[in-house]
1. Pairs of Cα atoms under 8 Å, at least six residues apart: use those to get the relative contact order of segment 157-199, whole percent.
2. Could you pull the Cα extents of segment 141-223 along its three principal axes, largest to smallest, in whole Å?
3. Along the charge dipole of segment 141-223, Cβ charges K/R +1 and D/E -1, which of VAL158, ALA147, TRP179 sits furthest on the positive end?
4. Would you mind working out the magnitude of the charge dipole of segment 141-223 relative to its Cα centre, with +1 at each Lys and Arg C-beta and -1 at each Asp and Glu C-beta, to the nearest 20 Debye?
5. Under the √(5λ) rule applied to the eigenvalues of the Cα gyration tensor, what semi-axes describe the equivalent ellipsoid of segment 78-237? Give them in Å, descending.
6. From the phi angles alone, apply the Karplus equation (6.51, -1.76, 1.60; θ = phi - 60°) to segment 82-90 and give each ³J(HN,Hα) in whole Hz, x where the residue is Gly or Pro.
7. If you stretched the chain out fully between ARG175 and VAL92, how much longer would it get, using 0.36 nm times the residue separation minus the C-alpha to C-alpha distance?
8. Can you list residues from other chains, or at least 5 along the same chain, whose modelled amide H is less than 5 Å from the amide H of VAL158?
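What follows is calculated from the coordinates using simple rules that are stated; it is not laboratory data. Quick caveat, the model's predicted, so the values are computed rather than measured. We place every Cβ from the backbone using ideal geometry, glycine too, and count neighbours over all the protein chains shown.
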Amino acid sequence: MGAAELWQVTRWWRRWRKPALDIGLIAALLLAVSFLPPDTSLAERRKQRVLRFCVPDLASPLVAADQPGAPGPELRQMQAVAARLGLPLQTVAIANMGRSFNPRDWQIGRGQCDIIGGGLADSSANRDFLTLLPNGGRIAMVRAGPAAELPKGAEIGVFMGSAGLDRLRLSGWLRAQGWRARPLATQAALDAYLRGGGTALASTLTPLPPDTKVADLPPEAAESQSLAFGLWRGDVTLTRAVRRALSQTPAR
């Protein structure tokens, strides 16, 4: 090969080296993907003949089965999804859901849950953990209890009542008001706190005692968020089937 031909080859290689390497890398990745085991999440549900829907509390108005006239809206949606998939629906209460800021601390897994709901906020924390499918609902935080303003240093109860609301934003706002937050772990604790004359922050999904005064919070305290159903990452076939079934289900 003469100097002119060698120069032409070198020039060609310099021009096309990066595209050629990129194409080679893509081809190698596609080849590697072909060796991955197929996703069997939908087939496994049909083999087990059950679709497990996990929620924090079976008494939640979103999923309660004995509400006057009809079940809660999320339960109705999941019943329709399960019917379209040809599977019985099993609703499971998980006490740890929503009690920690980090969803990974809820101590749940595929062995318990196929779909998670019951007030799951469409938040970045939950999207880092699950594949979220919005379901048309919304949630926010409100102030419940006496209307009088609290002085600095006063105690205020906090019951989040939903998995994934922005606790950091709310706690920062509480510190700015000079109030001491008292975490309330259960609905019963919230009810007792309010009946005792206390003021508390709670989600709009939380049933409150009769005649409880309610006021909206400012946007800097907690913004309204969409609600969603959560599925495990990697459960591709089940997620596609649930998404398709939701698209064919009437709105809430």
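1. On the way: 24 pairs, mean separation 23.9, N = 43.
Worked out over segment 157-199, it gives 56 percent.
2. That works out to 29, 29, 20 Å along the principal axes.
3. TRP179
4. Details: 9 positive and 8 negative charges, 54 e Å.
Once rounded to the nearest 20, the dipole reads 260 debye.
5. Numbers: eigenvalues 200, 53, 37 Å².
Those come to 32, 16, 14 Å.
6. Using θ = phi - 60°, the values come out as 4, 5, 5, 7, x, 10, x, 9, 10 Hz.
7. Numbers: separation 83, 0.36 × 83 = 29.88 nm, distance 3.60 nm.
That pair, ARG175 and VAL92, stretches by 26.3 nm at full extension.
8. Placed amide hydrogens put ARG182, LEU184, LEU201 under 5 Å from VAL158.
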